Amino acid sequence: MGALLEVKNLSVRFDARAGEVQAVRGVSFSLAAGEVLAVVGESGCGKSVLCKAIMKLLPPTARITSGSILVNGADITAYRERDMRRLRGKLFSMVFQDPMTSLNPTMTIGAQIGEAVRLHHPRLSRGELRSRVEELMTLVGIDRPRERMDLYPCHFSGGMRQRAVMAIALAGEPSILFADEPTTALDVTIQSQILDLLREVQQKLGTATVFVTHDLGVVARVADRVAVMYAGKIVETGTAEEIFYDPRHPYTWGLLQSLPALSRGRDTLRAIPGMPPSLENPPRGDAFACRNPYALAIDYEEEPPMFRLSDTHYAATWLLDPRAPEVIPPIGGGLHG
Ligand SMILES: Nc1ncnc2c1ncn2[C@@H]1O[C@H](COP(=O)(O)OP(=O)(O)OP(=O)(O)O)[C@@H](O)[C@H]1O
Ligand SMILES: [Mg+2]
């Protein structure tokens, strides 16, 4: 079966006053129908720009400078807003970090979900529309939908708003859902409820999902596959199992070591020292070199290629070159460590 979404060598630049920002640099990945891919990396590594580039929601200062985006084999890279409008909602849909900015405070929740349903099914009667709204509210776990559809967003808690936003995103039965840090603004208990909901809905509807987060800790419970991003590039990709039990990139080791669950019993939580490089002038060689305790001389000279570890597992680090010295991953760098 072909991929539902295929991104090949995609690069995105912003024209900024100080120069060009290379926000996404040669990213390739594919997504099969019904699959959940988590995109993980520190703040500023290009996760949101990547999603927005695919959905064509970038500001006018951004340009796609290389690569292509294929959906069901059709190349949509050069699609304009008019073409995209037909795809949005039905093919792709999205849920963003802050549910309040995605909702209209002056409309009832029911009317907003109804509006999204009507966009895709313009011929529904009032009664049919109401029952579809009820159905969507039930799907996302909003109890007593009949009473609650007449409430305004301000009457809803943060978690309930995020559920309402999910109902809107799912109204057109999209094939692909982009969830960009959908739980970051919520407190921890609500966060895990929303993650469970995401997985549950995904399993019920078979929606392929791109789940964006800076927290590798929440990935294991939602994702089939993981792409780790650093400085605008995917530096390691694999099944969730490969990334958690057999990580190969020192950046992935660092992310895993900074998970609270893994540092239990140790004194401190180890965050990766240093900062990601500026994307205005990305360094030569491996962008992670200056933060990498295992860096080799070649890391400062030449960019590592993606080394293949299995059909699904790839990592871009010179440590995988046959000539590199053997490095034993730090404890917590892989869960077996
Ligand atoms: N409108 C813009 N103009 C110029 N640069 C931008 C713009 N939007 C994003 N960038 C830059 O692109 C890079 C990637 O940003 P992006 O928002 O994709 O990061 P992110 O991985 O989503 O981070 P976060 O986890 O904080 O959401 C950053 O260096 C950012 O400063
Ligand atoms: Mg972001």
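The values are calculated or read from the model by the stated rules, or taken from the named source; none is laboratory data. Here the structure is a predicted model, which means the values were calculated and not measured. FYI the Cβ positions are ideal-geometry reconstructions off the backbone, even for glycines, and counts take in every protein chain you see. Note: accessible area is taken over every heavy atom of the protein model, side chains too, but ligands, DNA and RNA are not part of it. Shrake-Rupley method; radii C 1.70, N 1.55, O 1.52, S 1.80 Å.
Which of the trypsin sites (Lys or Arg not before Pro) across region 189-289 are loop residues per DSSP, with 13 or fewer other Cβ within 10 Å?
Details: sites: R199, K204, R221, R225, K233, R248, R264, R266, R270, R284; in loops: R221, R248, R264, R266, R270, R284.
For trypsin sites (Lys or Arg not before Pro) across region 189-289 that sit outside H, G, I, E and B with at most 13 neighbouring Cβ atoms in 10 Å, the list reads R221, R264, R266, R284.
For L4, enumerate residues with amide H under 5 Å from its amide H, sequence gap 5+ or separate chain, H modeled in the peptide plane.
L31, A32, A33
Can you give the charge dipole size of region 92-139 about its Cα centre, rounded to the nearest 20 debye, using +1 on the beta carbon of Lys and Arg and -1 on the beta carbon of Asp and Glu? List each step's numbers first, then the result.
Details: 5 positive and 5 negative charges, 46 e Å.
Once rounded to the nearest 20, the dipole reads 220 debye.
Of the peptides 213-219, 188-194, 163-169, how do they stack up when ordered by the mean number of other Cβ atoms within 10 Å, highest first?
Per-residue Cβ counts within 10 Å, averaged per peptide and sorted highest first, yield 163-169, 213-219, 188-194.
For region 195-252, what is the accessible area per residue in Å² when the probe is 1.4 Å?
I get 31 Å² per residue for region 195-252.
Could you name the aspartates and glutamates in cross-link range of K52, using Cα to Cα under 14 Å and dropping any fewer than eight places away on the same chain?
Straight-distance partners of K52: E81, D180, E181.
Among DSSP beta bridges whose residues both lie in the chain, state the antiparallel percentage, nearest 5.
In the chain, DSSP labels about 60 percent of beta bridges as antiparallel.
Which cross-chain or sequence-distant (5 or more) residues have an amide H under 5 Å from the amide H of A227, H modelled 1.01 Å from N in plane?
The list, which skips near neighbours in sequence, is A38, V39, V40.
Need one value: the accessible area of Y230 in square angstrom, 1.4 angstrom probe, rounded to the nearest 10.
Roughly 10 Å² of Y230 is accessible to a 1.4 Å probe.
So who's got an amide H within less than 5 Å of the one on S66, skipping anything under 5 residues away but keeping other chains? H placed 1.01 Å off N, in plane.
S11
Add +1 for every Lys or Arg and -1 for every Asp or Glu among the other residues with Cβ under 9 Å from the Cβ of A62, and state the total.
So the surrounding residues net to +2.
Once you charge only the Cβ atoms, +1 for Lys and Arg and -1 for Asp and Glu, what is the size of the charge dipole of the chain about its Cα centre, to the nearest 20 debye?
Charge dipole of the chain: 1080 debye, to the nearest 20.
Taking the Cα centre of region 103-173 as the origin, how large is its charge dipole in debye, to the nearest 20, when only Lys and Arg (+1) and Asp and Glu (-1) carry charge on their Cβ atoms?
So the magnitude is around 80 debye.
Mind ranking 31-37, 122-128 by how tightly packed they are, going by the mean number of other C-beta atoms within 10 angstrom, highest first?
31-37, 122-128
Using Cα atoms only, what is the angle between the long axis of helix 109-120 and the major principal axis of the chain, expressed in degrees (0 to 90) to the nearest 10?
Its long axis makes an angle of about 80 degrees.
Using a 1.4 angstrom probe on heavy atoms only, work out the carbon and sulfur share of the accessible area of region 103-173 in %.
Carbon-and-sulfur percentage of accessible area, whole number: 51.
Can you give the Rg to Rh ratio of region 5-63, both from alpha-carbon atoms, with Rh computed by the Kirkwood formula?
0.99
Normalise the Cα radius of gyration of region 103-173 by 2.2 N^0.38 Å (N = residues in it) and let me know the number.
It is 0.97.
So for the chain, taking the charge dipole from beta-carbon charges (+1 Lys/Arg, -1 Asp/Glu), which of A289, L10, G73 sits furthest toward the positive end?
Toward the positive end, the furthest listed residue is G73.
Run down the lysines and flag those whose C-alpha is under 17 Å from the C-alpha of K56, throwing out any fewer than 8 positions away in its chain.
Filter leaves K8, K47, K90.
Once the dipole of the chain is set up with Lys and Arg at +1 and Asp and Glu at -1 on Cβ about the Cα centre, which of F92, G232, T184 lies farthest towards its positive end?
Ranked along the dipole, the leading option is F92.
Using packing as a proxy for protection, rank 320-327, 177-184 so that the peptide with the highest average count of other Cβ atoms within 10 Å comes first.
The packing order, highest mean first, is 177-184, 320-327.
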